[in-house]
Amino acid sequence: MSRLALGVALAILAAVPYWVGGTYYVNIASQVLFYAILALGVNVLAGYAGLVSLGHAGLFGIAAYAGARIMNEGYGPVGVTVGALAVTLLASAIFAVLALRGTGLGFVMITVALGQIVWGVAYRWISITNGDNGIAIRGRPSPLGLSLTSPAGFYWATLVVFLLAVATMAVFVASPFGASVRGTRDQPRRMNALGYHVWMIRFLAFLFSGFWSGVAGLLYLYYNQFVSPQAVALTASAEALLMVIAGGTATLLGPIAGAALVVIMKNVVSAYIERWNFVLGAIFVAIVVFMPDGLVPGARRLWRWARASARPALRSVG
Amino acid sequence: MNLWLVLAVNSVTLGGLLFLLSAGFSLIFGLMKIPNLTHGSFFMLGAYLATSLIAHGVDFWTAAVVGGLLVAVFGGIVERLILRRLAGAELAQVLVTLGLSFMIADVCLMVWTGDPIRIATPSALRGATSVAGLGFPTYRLAISLIAVVFAVALWALLDRTRLGAMIRAGVDDPAMARVVGIRVSRLFTVVFCLGAWLAGFAGVIGGPILSVYPGLDGEMLPLALVVVILGGSGSLLGSLVGSFVVGFLYNFGQAMFPELAYVVLFLPMLIVLVVRPQGLFGRPAA
């Protein structure tokens, strides 16, 4: 049954360019997918490790900037991918060493500061990042000879990466490592007493999270063929976190639903009014105040409640 | 005047402004355990409100005090209506303050448009004052003086009054403070309003130097964060020292490494984090 549902879902996702109608919507679907990868990455920390990061747009942006620079040096897709992800992993390690000096709110504050450093570099260190003008790349790469130029082609490539990310997350959640990450979130002292190296587990979770943020950043670069300081602003980090929280932290599907919600909202709202930042802030406040556990767990609870209240009614009919 | 001296004066001025901004941030963080991410917005909102007041003929100092008061009232409403509902859920409180900061920024953009607005220097403080044979810009000296006066006043408030003793008790051990009959939740409101007022006031008196423009909030907030991480949360002395360190780094960094000024600013914070995570004057977490 669940295998069937999975198959149907895959078929629907793969057929998006055929049924969604218009390249505009195909492009939005691609955006949903790569932002979902970023949200999945943020969720590793914010959800499973209990470490809320407001600096992940920094890692996302470092991958995009590194990719753009390497690509403009004339390297092919393999060189760009390996190089950009290596730089991102290194940056994640530095972020992790510093941010893990604190937990809880200390961690939040340090990640805000780290994210702002990346922003400052992107904005001011003009000889490397070209400042406010950003860096453009010449067209999308064609890995294995496949062209990513068409919206549908790019969508399918992103879908493959997205499915890989989801599969990796599913393995991570079910693995002993995933369990130990959750352990450090719920009972750090007990985990320590049991002989686990709490710091190392968090550090590895940070790297894992940073890796997928970097992958998302590269896809962002290929999609826009351009990167500017806007990609690493605090707003971008907040959006990523909103996706996770809106969808439901520490769930596999939550961040994906959250990414779809935020990306679609952003495109729809921006089409009608200019006030996306206001709406973003308002959704943030509303979700935190009224639906603190997110849409997916919230909907699941609603569904359980509806079924529970429907059952006695059915019995009385029978 | 010598370039280094100019930089030093500018550093002291920025340090004074940062002290006004971060003292409230630090107290709120120390007492309520919330890194109030709307603090930069309070700074910007105060300045914007004052530009409107001044445009309606109110004089500079009244505008500064009233602008601060309006921000304080707004802060009080936020604290009472939203943060209070989320008591105990610190993470949710942080996220709400972040969401609010986006909303405030967008409303300011809508009301005051995207063009920078400069607040005119009050006429009595224009020009230069000569001290020991050197000419200093009078207004910058005045800001430094105001910061010193506020530092002393805040120290007196915290160290010498009953209210200050209650706040210190709340910072040290909120549960025990409640047991001995201190209404800690009322202190939250008082401290939040005070912090908001200081931030709004600082925004106004910073106006003649910095101007007001969209994005000012996002520029001031990280500075306040650095000051508090550097100085330690809940410590007035920490904010004072941190503010001047950041003020000097910012100005000298910009003169010496213009492209890297922003990074130079964060270096001492990173060093302090590695060596002494609780901040220079903070106490280690219990």
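Counting only Cα atoms, region A:1-68 measures 36, 34, 16 Å along its principal axes, largest extent leading. Can you tell me the orientation of helix B:236-256 relative to chain B, as the angle in degrees between its alpha-carbon axis and the longest Cα principal axis, to the nearest 10? Helix B:236-256 and the main axis of chain B meet at about 40 degrees. Output the 0 to 90 degree angle, nearest 10, between the alpha-carbon long axis of helix B:162-172 and the longest principal axis computed from the alpha carbons of chain B. Once rounded, one gets 70 degrees.
Can you give the alpha-carbon Rg of the protein assembly as shown over 2.2 N^0.38 Å, where N counts its residues?
On the way: Rg = 25.4 Å, N = 604, 2.2 N^0.38 = 25.1 Å.
Dividing the Cα radius of gyration by 2.2 N^0.38 Å gives 1.01.
Nearest 10 degrees, 0 to 90: what angle lies between the long axis of helix B:184-210 and the longest principal axis of chain B (Cα atoms)? The angle comes out at about 10 degrees.
For chain B, what number results from the quotient of the Cα radius of gyration and 2.2 N^0.38 Å?
Taking the Cα Rg and dividing by 2.2 N^0.38 Å, one obtains 0.98.
Each Cα pair under 8 Å and six or more residues apart adds its separation to the average, and for region A:21-317 the resulting relative contact order is 33 percent. Within the listed set B:ALA128, B:ALA64, B:ALA105, the residue fluctuating most in the Gaussian network model of chain B (springs between alpha-carbon atoms under 10 angstrom) is B:ALA128. Neighbour counting of Cβ atoms within 10 Å sorts the residues B:LEU81, B:LEU95, fewest neighbours leading, into B:LEU81, B:LEU95.
When only C-alpha pairs under 8 Å and at least 6 residues apart count, what is the relative contact order of chain B, in percent?
37 percent
Extents of region B:97-204, taken as max minus min of Cα coordinates on every principal axis and listed largest first, are 56, 44, 17 Å. Sparse packing (at most 16 other Cβ atoms within 10 Å of the Cβ) combined with a DSSP loop state is found for none of the chymotrypsin sites (Phe, Trp or Tyr not before Pro) in region B:211-286.
With N as its number of residues, region B:1-83 has a Cα radius of gyration that, divided by 2.2 N^0.38 Å, comes to 1.33.
Cβ-to-Cβ counts within 10 Å put A:THR149, A:THR88 in ascending order as A:THR149, A:THR88, the fewest first. Volume per residue for region B:172-237 equals 112 cubic angstrom (convex hull of Cα atoms).
Find the relative contact order for region B:17-170 and round it to a whole percent, using C-alpha pairs within less than 8 Å whose residues are 6+ positions apart. 23 percent.
Give the calculated FRET efficiency between B:ALA153 and A:ALA15 to the nearest 0.05, with a Förster radius of 51 Å applied to their Cβ-Cβ distance. Step by step, r from the Cβ atoms, then E = 0.15. By the helix-only formula, in which each DSSP H run with n ≥ 4 contributes -39500 (n - 2.57) and the sum is divided by residues, chain B has a 222 nm mean residue ellipticity of -25000 deg cm²/dmol. Within the listed set A:VAL215, A:VAL42, A:VAL112, the Gaussian network model of chain A (springs between alpha-carbon atoms below 10 Å) gives the highest mean-square fluctuation for A:VAL112. For region A:21-317, the alpha carbon convex hull comes to 170 Å³ per residue, rounded to a whole number.
For region A:127-199, the equivalent ellipsoid built from the Cα gyration tensor has semi-axes of 40, 21, 9 Å, listed from largest to smallest.
Going from the residue with the fewest nearby Cβ atoms within 10 Å to the one with the most, B:ASP172, B:ASP106 rank B:ASP172, B:ASP106.
Quick note: the coordinates plus some simple rules give every number you see, no bench work behind them. Source: prediction; values computed, not measured. Positions of Cβ are generated from backbone atoms using ideal geometry, with glycine treated the same way; all protein chains shown enter the neighbour counts.
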